[in-house]
Amino acid sequence: INNSTLMSLALTEKKFALIVQTFAQEVSIVVEAYGGYVFKYEGDAVIALFPAENDRIKACKNALNCSRSILEIIGKILNPALKANELSEITVRIGMAYGHALVVLYGKSLEKAHLDILGSSISLASKIASIAKPNQVLVGEHVYNIIKSSVASNSFREVNLDPAKWKYISSSDPESLYHVYDFLVNLQL
């Protein structure tokens with residue numbers, strides 16, 4: 001949720017917790033409806049995975065359609081309810097990347113071990129989300145390359161990244177930066 005730090009300072013702890021909890025619950029329902037899994041909640045963020053299994057295009061489309069639905073729910077349901085209760089409206093930043101990830105256990109005891117997920121795709125998704133504007137969906141070059149032949153060419157627009165701030169190298173071309181694309185959510189896949 002964007003501006004969650006400001007919101008947490010302006011609201012009582014109970015009100016802030018209720019907003020984050022409601023957001024996470026709604027996002028979880030939508031993620032599951034599109035064949036994804038919520039891996040974990042990290043503060044005010046929801047980390048979701050969309051398994052490709054044998055169909056990478058379907059997994060990417062599911063993730064993109066899920067992001068569209070999340071924005072719609074926030075705009076048409078959550079924010080009007082928050083506003084009606086004199087609470088701050090929320091925005092989100094969504095970042096997506098495609099790739100393999102490893103599930104790792106921290107600790108010796110399987111019952112008490114902390115479970116986490118690691119991999120370049122997880123790190124890139126986080127970095128991509130951090131540069132998104134409020135209510136913007138950004139996707140990495142792998143997602144874009146997988147899906148570009150099956151969607152309208154005007155569904156995405158390349159983001160002009162500042163090389164002084166964006167240091168990630170493209171896996172397909174080590175001489176260039178990793179490309180990021182704005183998913184134009186108002187267009188149909």
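The values are calculated or read from the model by the stated rules, or taken from the named source; none is laboratory data. These numbers come from a predicted model, not from an experiment. For neighbour counting, all protein chains shown are included, and Cβ atoms are generated from backbone atoms with ideal geometry for every residue, glycine included. When the accessible area is computed, the model is the full protein with side chains, heavy atoms only, and any ligands, DNA or RNA have been set aside. Shrake-Rupley method; radii C 1.70, N 1.55, O 1.52, S 1.80 Å.
Restricting attention to segment 117-128, report how many residues are free of Cβ contacts under 8 Å to residues at least 60 places away in the same chain, in contact with a strand residue (DSSP E or B) (Cβ under 7 Å, 6 or more places away or on another chain) and surrounded by fewer than 16 Cβ atoms within 10 Å (Cβ to Cβ).
Residues meeting the conditions: 3.
Can you name every residue in segment 93-128 that is β-branched (Val, Ile, Thr) and modelled with pLDDT under 95? Walk me through how you get there before you give the answer.
The first filter runs over segment 93-128 and keeps only residues β-branched (Val, Ile, Thr), leaving 94, 103-104, 117, 122, 128.
Passing the criteria: 103, 104, 117, 122.
Which pairs have Cβ atoms under 9 Å, sit 6 or more apart or on different chains, and link a residue in segment 50-67 that is more than 16 Å from residue 32 (Cα to Cα) to one that is of a type in the set (S, T, N, Q) and part of a helix (DSSP H, G or I)?
These pairs meet every condition: 57/149; 57/150.
Can you name the residue in segment 149-164 that is without any contact (Cβ under 8 Å) to a residue 12 or more places away in the chain and part of a loop (DSSP other than H, G, I, E, B) and, of all such residues, is nearest to the chain's Cα centre (by Cα)?
The qualifying residue nearest to the chain's Cα centre (by Cα) is 160.
If the requirement is being within 23 Å of residue 57 (Cβ to Cβ) and in a strand (DSSP E or B), which of these qualifies: 137, 143?
Residue meeting the stated conditions: 137.
Give 179, 142 a once-over and let me know the one that is without any contact (Cβ under 8 Å) to a residue 40 or more places away in the chain, within 15 Å of residue 98 (Cα to Cα) and either aliphatic (A, V, I, L, M) or open to solvent by 40 Å² or more (accessible area, probe 1.4 Å) (or both). Steps first, please.
Numbers: 142 fails: without any contact (Cβ under 8 Å) to a residue 40 or more places away in the chain.
Every option except 179 fails the conditions.
Does residue 167 satisfy the condition of being open to solvent by 80 Å² or more (accessible area, probe 1.4 Å) and within 18 Å of the chain's Cα centre (by Cα)?
No, not satisfied.
Going by the conditions given, is residue 143 more than 18 Å from residue 65 (Cα to Cα), in contact with a strand residue (DSSP E or B) (Cβ under 6 Å, 6 or more places away or on another chain) and not basic (Lys, Arg)?
Numbers: more than 18 Å from residue 65 (Cα to Cα): no; in contact with a strand residue (DSSP E or B) (Cβ under 6 Å, 6 or more places away or on another chain): yes; not basic (Lys, Arg): yes.
When the stated conditions are applied, residue 143 does not pass them.
Being modelled with pLDDT of 90 or more and open to solvent by 20 Å² or more (accessible area, probe 1.4 Å) narrows it down to one residue among 147, 131; which is it?
Checking each option against the conditions leaves just 131.
Would you pick out the residues in segment 142-181 that are touching a Phe, Trp or Tyr at 6+ places or on another chain (Cβ under 6 Å) and not hydrophobic (A, V, I, L, M, F, W, C)?
142, 144, 158, 168, 170, 178, 181
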